[in-house]
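Participant: My questions will all concern the structure given below.
Since every read-out is calculated from the coordinates, none of them should be taken as a lab result. It should be emphasised that the depicted structure is a prediction, and the values quoted were computed from it without experimental measurement. Here the Cβ is made from the backbone with ideal geometry for all residues, glycine too, and neighbour counts use every protein chain on show.
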Amino acid sequence: MKRILVLSGKGGTGKTTLTATLVQMLQIKAFADCDVDAPNLHLICAKKEWEREDKPFLGMQISFIDQDKCTGCGKCVEVCRFDALVKTATGTYQVNPFNCEGCAVCQYVCPENAISSKDNITGKTSVYTHEDTVFSTAQLNMGSGNSGKLVSEVKKNLDDAVPKNEGIAIIDGSPGIGCPVIASLSGIDLALMVTEPTSSGLHDLKRIVKTSKIFATKIAIVINKSDIDEEGCQLVEAYCQEEHLPIIGHIPYDSTVSKTINKGENLADIDCPSSKAIGKIAEKIPSFLEK
Amino acid sequence: MKVAMAITEENLQAKVNPTFGRTPYFLVFNTETKEATYRVNPAMNASGGAGIQAAQAIVDTGCDAVIAYRFGENAAKVINGAQIKSYKAIDASAEENINKLTAGELSPLSDIHPGYHHAN
Amino acid sequence: MMHIAILSGKGGTGKTFVSTNLSACIKGSTYLDCDVEEPNGSLLLHPTITSKEVVTKLMPETNQDICIGCRKCVDICRFGALAFLGGKPMVFPEVCHSCGGCTLVCPTGAMSEKPQSVGILENGTFLENNHITTGILNVGEASAVSLISAVLKKAQNDTIIDCPPGSACSVMESIKGCDYCVLVAEPTIFGLHNLKMVYDLVRVFKKPYGIVINKCEDESNLIDDFCKQEQIEILERIPFTKTIASNNARGHLAVTIDQTLHELFSDLANKLKERTSL
């Protein structure tokens, strides 16, 4: 199975819209949403009648203080680097689950043995299935970390559920260059990077390209809303040429897009300039995967 | 010689697991005594540093060689640092991989990648 | 002195557009770019950089001569940042969370901590006497939290904090200590879906909040309906026009060229001053 990851660096460039459209145009049977912090693909791609299996996701175990054993000596506070211990009204201490990173150094120093590790649910994974289609997604609870591990879980759920190890899988990535992006880059055959012809779009594209190059992933660029600024578009194209990054397509600005998406519909079903452009990109995908 | 590899179940006919860091088990096979032992991978549910911890588990088995598809650079540092020889796995059962190794037909592993960082 | 955090669940809704223009309308204010993975504020504010600082986190280092190979450091590490080879520990800095555990348990003092770079701060000025600090995370560095914390220390006078997108730990860090949260929403189903997450976040952290709807095309939209339902105050509605988008795309600061937007953001600044002076 070949895996395509859709990334952008900058948020709001059109990753999810592009992913949803390609999934339908290419009749993709295996796809995933690795933007676990703010997943959106299900709003277009998951149908109500599909089956769904949810599982809680456990992040790092965090510390927990037994209030009966705690004497309020404060030795834990002295060593905590994450400001994760709060004094209670009775003078004992308790762990703030939002701040605790699970290092357990407090457990090591507690003279009363009052602190232990416990499981911490930081999100949930969902796998939708319908006939031979599998869609894996997840939601990270707010304030949580460990998004990299949840991303890996989403990908693993996709791999485990796919009946045949053939065809193309498409993964909607997350913005930025941090741990969820880095985790999503593993085992990827082609990273489609969506950018826009704006100064911030180009700026952020450079950083995501740099991040992906660490993994020697094959990259292809999609310039979205390409006609909103001709000069900006030329700057992006010049950068791509300098860095030997192939441009797989340009998508024009199209007001039909938001109207379609807001109805929960797929652009692939609409005849408009942007869907035509995405259609051309879809046609080129197999050859880009072969290169 | 003791050789180790990542495996999805406690069965010599299972394939070598392409996922190294979070594999559920490691198989340790002694080619002289033909004894096979399976160790649960302590890094299986690790949030971060799985490659390192998995590689450490391999080092702690005292093995001389490891068969894998690939490792991240951190796991490679540990394996190479312990002077364990690594060999490229073939898409076949653990038993077949071991047979190929003893016949001198497995190539040394050079597919080291930068790693899939999970640490928050 | 008000500290206002600007956040949105979804990327690309206009956090930076709102933060930079808002800061530009408040004399002597400070703009802090906490979107350290992809900081963009300076592309609109065009600051004069006055200083750069390296931000570090503490990383363990072993003195091999004193180390007795007891393995206590390796065993206490919950993050897999230490391996044990040839009787000595080996540190993996990018996985290390700087918890200090290994240094604490070392019986001989062989393990100590040294600073290592996670990113940089660029400090500068823009317009007449506004301040800016931008946090730039090193590529490959997984955790933004310590860098964001360093950026927040640069707050002075009225401060506008441009937060990262989403609602994960880096956003949580960015809103610590702020007086008020402005949630920027775009009227799309993705925008509404992600707004709900930051809405949960600000309520859990008991921060006062209000909404700015960006890219408004129609009279009433999805976000309006949500705000009515939840009784959330809508502070401003920013229209969507090709001119605004195009100017922003080219790195022009809207309030310096568009009188209507200057009035809108000045009005927003006044509203925020009122709400934080209670």
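Participant: Let's test the formula: R0 of 30 Å, r as the Cβ-Cβ distance of A:I121 and A:Q67. What FRET efficiency results, to the nearest 0.05? Please list the in-between numbers first.
Facilitator: Values: r = 21 Å, r/R0 = 0.71.
For R0 = 30 Å, the calculated efficiency reads 0.90.
Participant: OK, next. Add +1 for every Lys or Arg and -1 for every Asp or Glu among the other residues with Cβ under 13 Å from the Cβ of C:C25, and state the total. Could you put the intermediate results ahead of the total?
Facilitator: Values: positive: C:K27, C:K271, C:K273; negative: C:E128, C:D158, C:E236, C:D258, C:E263, C:D267.
Computed value for this residue: -3.
Participant: Right, next: Please compute the Cα-Cα pair-distance distribution of chain A with 5 Å bins starting at 0, giving whole percents from short to long.
Facilitator: Per 5 Å bin, starting at 0, the Cα pair percentages come out as 1, 5, 12, 14, 15, 13, 10, 8, 6, 6, 5, 3, 2, 0.
Participant: Here is a follow-up. Can you tally the net charge around A:D227? Count Lys and Arg as +1, Asp and Glu as -1, for every other residue whose Cβ sits under 14 Å from the Cβ of A:D227. It would help to have the intermediate numbers written out before the result.
Facilitator: Values: positive: A:K225, A:K276, C:K242; negative: A:E196, A:D229, A:E230, A:E231, A:E237, A:D254.
Net of charged neighbours comes to -3.
Participant: Something else about it: Where Rh is the Kirkwood radius over the Cα pairs of the range A:18-107, the temperature 4 °C and the viscosity 1.567 mPa s, what D in µm²/s does Stokes-Einstein return? Don't skip to the answer; put the middle values down first.
Facilitator: Details: Rh = 17.1 Å.
Reported coefficient: 76 µm²/s.
Participant: Let me ask something else about it. When only Cα pairs under 8 Å and 6 or more residues apart are kept, what is the percent relative contact order across the range A:18-119?
Facilitator: Details: 117 pairs, mean separation 28.6, N = 102.
Contact order relative to length: 28 percent.
Participant: Would you mind estimating how fast the range C:127-278 diffuses translationally, via Stokes-Einstein at 10 °C and 1.306 mPa s with the Kirkwood radius over Cα pairs, in µm²/s? Show your work: numbers first, answer last.
Facilitator: Numbers: Rh = 17.1 Å.
This corresponds to a translational diffusion coefficient of 93 µm²/s.
Participant: Let's see if you can work this out: charge +1 on each Lys and Arg Cβ, -1 on each Asp and Glu Cβ, no other charges. What is the dipole magnitude of chain A about its Cα centre, in debye to the nearest 20?
Facilitator: 380
Participant: Right, here's the next one. Are there any trypsin sites (Lys or Arg not before Pro) in the range C:15-97 that are in a DSSP loop and have at most 15 other Cβ atoms within 10 Å? List them by number. Can you show the working numbers first?
Facilitator: Numbers: sites: C:K15, C:K27, C:K52, C:K57, C:R71, C:K72, C:R78; in loops: C:K27, C:R71, C:R78.
The qualifying sites are C:K27, C:R71.
Participant: Could you work out how far the C-alpha centroid of the range C:190-205 sits from that of the range A:98-143, in angstrom?
Facilitator: Between the Cα centres of the range C:190-205 and the range A:98-143 lies a distance of 20 Å.
Participant: Now, a different point. How long are the semi-axes of the equivalent ellipsoid of the protein assembly as shown, taking √(5λ) for every eigenvalue λ of the Cα gyration tensor, in whole Å from largest down? Present the calculation step by step, with values, prior to reporting the outcome.
Facilitator: Numbers: eigenvalues 354, 215, 101 Å².
Ellipsoid half-lengths, sorted descending, are 42, 33, 22 Å.
Participant: Treating only the Cβ atoms of Lys and Arg (+1) and Asp and Glu (-1) as charged, compute the dipole magnitude of chain C about its Cα centre; round to the nearest 20 debye. Write down the numbers at each step before the final one.
Facilitator: Values: 25 positive and 31 negative charges, 149 e Å.
The dipole of chain C has a size of about 720 debye.
Participant: Kindly state, as a whole number, the per residue volume in cubic angstrom of the convex hull around the alpha carbon atoms of the range A:144-187. Before the final figure, lay out the partial values.
Facilitator: Numbers: hull volume 3.3 nm³, N = 44.
Taking the convex hull of the Cα positions in the range A:144-187, it is 74 Å³ per residue.
Participant: A further question follows. Calculate the mean, over all residues of peptide A:108-114, of how many other protein chain Cβ atoms lie within 10 angstrom of the residue's Cβ.
Facilitator: Numbers: counts 5, 3, 0, 0, 0, 0, 0.
Partner-chain Cβ atoms within 10 Å, mean over residues of A:108-114: 1.
Participant: Peptide A:76-86: average number of partner chain Cβ atoms within 10 Å per residue?
Facilitator: Details: counts 0, 0, 0, 4, 2, 8, 4, 2, 0, 0, 0.
Partner-chain Cβ atoms within 10 Å, mean over residues of A:76-86: 2.
Participant: Still on this structure, I have one more. For chain A, list the cysteines whose Cβ sits under 4.7 Å from no other cysteine Cβ?
Facilitator: A:C34, A:C45, A:C70, A:C73, A:C80, A:C100, A:C110, A:C179, A:C233, A:C240, A:C272
Participant: Mind listing the Cα extents of the range C:46-123 along all three principal axes, in Å, largest one first?
Facilitator: Sorted from largest, the Cα extents of the range C:46-123 read 54, 22, 20 Å.
Participant: Computed over the Cα atoms, what is the radius of gyration of the range C:64-109 divided by 2.2 N^0.38 Å, N being its residue count? Kindly include the intermediate steps, with their values, before the conclusion.
Facilitator: Details: Rg = 9.8 Å, N = 46, 2.2 N^0.38 = 9.4 Å.
Normalised Rg, Cα atoms only: 1.04.
Participant: Looking at chain A, do any whole DSSP H helices span at least 20 angstrom along their long axis by alpha carbon and average -1.0 or above on Kyte-Doolittle, and which? Walk me through the numbers on the way to the answer.
Facilitator: Values: long enough: A:147-161 (21 Å, -0.66); A:199-213 (21 Å, -0.67); A:273-290 (27 Å, -0.06).
Passing helices, by number: A:147-161, A:199-213, A:273-290.
Participant: So, one more: Exposed loop GluC sites (Glu not before Pro) only (DSSP loop, at most 15 other Cβ atoms within 10 Å): please give the longest stretch of chain A free of them, not including the sites.
Facilitator: Values: sites that count: A:E49, A:E112, A:E131, A:E166, A:E243, A:E265.
The segment A:167-242 is the longest one with no such site.
Participant: Hey, got a sec? Which trypsin sites (Lys or Arg not before Pro) in the range C:157-221 land in a DSSP loop and have at most 12 other Cβ atoms within 10 Å? Before the final figure, lay out each step's value.
Facilitator: Values: sites: C:K176, C:K196, C:R203, C:K206, C:K215; in loops: C:K176, C:K206.
Those that pass, being in a loop and sparsely packed, are C:K206.
Participant: Which of the chymotrypsin sites (Phe, Trp or Tyr not before Pro) found in the range A:13-81 are in a DSSP loop and have at most 11 neighbouring Cβ atoms, other than their own, within 10 Å? Don't skip to the end; give the middle numbers.
Facilitator: On the way: sites: A:F31, A:W50, A:F57, A:F64; in loops: A:W50.
Passing sites in the range A:13-81 do not exist.
Participant: Less than 12 Å Cβ to Cβ from C:A155, Lys/Arg counted +1 and Asp/Glu -1: what total charge do the surrounding residues give? Display every interim value, and only then the final one.
Facilitator: Details: positive: C:K153, C:K154, C:K176; negative: C:D158, C:D179.
Local charge sum for C:A155: +1.
Participant: Also, I was wondering about something else. Once you have all Cα-Cα distances for chain C, histogram them in 5 Å bins from zero and send the whole-percent values.
Facilitator: Histogramming chain C at 5 Å steps yields 1, 6, 12, 15, 15, 13, 10, 7, 6, 5, 4, 3, 2, 0, 0 percent.
Participant: Still on this structure: Between the range C:212-255 and the range B:16-66, what's the alpha-carbon centroid distance in Å?
Facilitator: 54
Participant: Per residue and in Å³, how big is the convex hull formed by the alpha-carbon atoms of the range B:2-112? Write out the running numbers ahead of the final one.
Facilitator: Details: hull volume 9.1 nm³, N = 111.
Convex hull of Cα atoms, per residue: 82 Å³.
Participant: A:V134's amide H: which non-local residues (gap 5+, or another chain) put their own amide H closer than 5 Å, with H modeled 1.01 Å from N in plane and none for Pro or chain starts?
Facilitator: A:A30, A:F31
Participant: Mind checking C:89-102 for the average number of partner chain beta-carbons within 10 Å of each residue's beta-carbon? Please report the intermediate quantities before stating the final value.
Facilitator: Values: counts 0, 7, 1, 11, 0, 6, 13, 3, 12, 4, 10, 5, 9, 1.
So the per-residue partner count for this stretch is 6.
Participant: Could you check what % of the DSSP bridge pairs in the protein assembly as shown are antiparallel, to the nearest 5?
Facilitator: Numbers: 63 of 122 bridges.
Approximately 50 percent, going by the DSSP bridge assignments.
Participant: Top mean-square fluctuation among A:G74, A:G187, A:G176, Gaussian network model of chain A, C-alpha springs under 10 Å?
Facilitator: Looking only at A:G74, A:G187, A:G176, the largest GNM fluctuation is found for A:G74.
Participant: Moving on to the next point. Please report how far the C-alpha centroid of the range A:12-81 lies from that of the range C:86-162, rounded to the nearest whole angstrom.
Facilitator: The distance from the Cα centre of the range A:12-81 to that of the range C:86-162 comes to 25 Å.
Participant: I would also like to ask the following. For chain B, what is the relative contact order in percent, using Cα pairs closer than 8 Å and at least 6 residues apart in sequence?
Facilitator: Details: 262 pairs, mean separation 32.3, N = 120.
Across chain B, relative contact order equals 27 percent.
Participant: Quote the relative contact order of chain C in percent (integer), defining contacts as alpha-carbon pairs under 8 Å separated by 6+ residues.
Facilitator: Numbers: 570 pairs, mean separation 77.7, N = 278.
Relative contact order for chain C comes out at 28 percent.
Participant: Provide, in order from the shortest bin, the percent of all Cα-Cα pairs of the range A:62-119 in each 10 Å bin, continuing until the bin that contains the maximum pair distance.
Facilitator: So the P(r) values, bin by bin, are 28, 63, 9.
Participant: Let me ask something else about it. Using +1 on the beta carbon of Lys and Arg, -1 on that of Asp and Glu, and nothing else charged, what's the dipole of the protein assembly as shown about the Cα centre, debye to 20?
Facilitator: It comes to approximately 1080 debye.
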